[in-house]
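What follows is a short report on a single structure.
The values are calculated or read from the model by the stated rules, or taken from the named source; none is laboratory data. The structure presented is a predicted model; accordingly, all values stated were derived computationally and were not measured. Using ideal geometry, Cβ is built from the backbone for each residue, glycine included, and neighbour counts are taken over all protein chains shown. Please note that ligands, DNA and RNA were not included when accessible areas were found on the heavy atoms of the full protein model with its side chains. Shrake-Rupley method; radii C 1.70, N 1.55, O 1.52, S 1.80 Å.
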Amino acid sequence: MREVISLSLPEGSVKKLRRIAKSKDLTLSEILRDALRKYIVLDEFSSIRRKMLKQVEKTGKGPYTDEDIFKIVS
């Protein structure tokens, strides 16, 4: 099921979005949906990272930096 929302943007932003959409042969809705999906993923990642860092602080064990995490998952 889909729900329609209304979004208010400055005129300049709308013009840029229309230009991008046209150059990629996409609709404004597709561009905005993709941007929101990416925002949600980044927000979820940040939330998980904060929880993980709290656990590391409690236990003193685990990765401390993004580079440490990269080494572990690589």
Among the residues that make up region 45-68, is at least one of them modelled with pLDDT of 90 or more and under 21 Å from the mean Cα position of the chain (by Cα)? no
Can you list residue pairs whose Cβ atoms sit under 9 Å apart, with the first residue in region 6-35 being open to solvent by 100 Å² or more (accessible area, probe 1.4 Å) and the second being in a helix (DSSP H, G or I)? Count only pairs 6 or more apart in sequence or on different chains. Leu7/Leu32; Arg18/Leu28; Lys24/Glu30; Lys24/Ile31
